[in-house]
1. Can you pull out every residue in region 34-51 that is out of contact with any helix residue (DSSP H, G or I) (no Cβ under 7 Å at 6 or more places or on another chain) and either part of a strand (DSSP E or B) or surrounded by 12 or more Cβ atoms within 10 Å (Cβ to Cβ) (or both)?
2. Kindly indicate the residue of region 52-83 that is part of a helix (DSSP H, G or I) and in contact with a strand residue (DSSP E or B) (Cβ under 7 Å, 6 or more places away or on another chain) and also surrounded by the fewest Cβ atoms within 10 Å (Cβ to Cβ) among those meeting that condition.
3. Do we find that residue 27 is in a helix (DSSP H, G or I), in contact (Cβ under 8 Å) with a residue 40 or more places away in the chain and not basic (Lys, Arg) in this structure?
4. Output the number of the condition that residue 95 fails; it satisfies all remaining conditions of (1) loosely packed, with under 10 Cβ neighbours inside 10 Å; (2) among the hydrophobic types (A, V, I, L, M, F, W, C); (3) without any contact (Cβ under 8 Å) to a residue 12 or more places away in the chain.
5. For region 7-23, check the following and say yes or no: at least one residue is small (Gly, Ala, Ser), out of contact with any Cys (no Cβ under 8 Å at 6 or more places or on another chain) and either surrounded by 15 or more Cβ atoms within 10 Å (Cβ to Cβ) or not in a loop (DSSP other than H, G, I, E, B) (or both).
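FYI, it's all coordinate maths here, none of it is from the lab. Note that this is a predicted model, so its numbers are computed, not measured. Because the Cβ atoms are built from the backbone with ideal geometry, glycine has one as well, and the counts that use them run over all protein chains shown.
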Amino acid sequence: MKARKTPLRTCIACGREDDKRTLVRVVRDADGDVHVDPSGKAAGRGAYVCPSAACFEAAAHRRRFASALRASVNEDDIERLRNEFEAAVEQDRDASRSGR
């Protein structure tokens with residue numbers, strides 16, 4: 001049986017290419033709402049960020065979320081995304097510690 005190719009994605013902040021499961025996905029859904037997608041499978045246009053606060057802040061500062069998701073992202077959205085991002089990263093850390 002042929003081995004499957006690992007799906008690669010690029011961080012919108014630093015440009016590092018990595019396995020899509022190690023990056024955090026931010027998605028714009030059909031209603032135009034922007035949120036963090038911890039499952040990585042939600043329908044909509046997605047953008048990926050490294051699971052580090054520095055990459056998230058760089059993407060927010062450079063307004064990369066708005067351009068990558070083709071949506072208007074205001075300061076309130078960024079603050080909400082920051083909280084969701086931190087929760088998703090912490091949840092992933094906890095899962096990896098428990099031997100996921």
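1. Residues of region 34-51 out of contact with any helix residue (DSSP H, G or I) (no Cβ under 7 Å at 6 or more places or on another chain): 37, 39-44, 46, 48, 50.
Once the filter is applied, which keeps residues that are out of contact with any helix residue (DSSP H, G or I) (no Cβ under 7 Å at 6 or more places or on another chain) and either part of a strand (DSSP E or B) or surrounded by 12 or more Cβ atoms within 10 Å (Cβ to Cβ) (or both), region 34-51 yields 37, 40, 42, 44, 46, 48, 50.
2. 77
3. Against the criterion (in a helix (DSSP H, G or I), in contact (Cβ under 8 Å) with a residue 40 or more places away in the chain and not basic (Lys, Arg)), residue 27 does not qualify.
4. If we test residue 95 against (1) loosely packed, with under 10 Cβ neighbours inside 10 Å; (2) among the hydrophobic types (A, V, I, L, M, F, W, C); (3) without any contact (Cβ under 8 Å) to a residue 12 or more places away in the chain, just (1) comes out false.
5. Taking every residue of region 7-23 in turn, none turns out to be small (Gly, Ala, Ser), out of contact with any Cys (no Cβ under 8 Å at 6 or more places or on another chain) and either surrounded by 15 or more Cβ atoms within 10 Å (Cβ to Cβ) or not in a loop (DSSP other than H, G, I, E, B) (or both).
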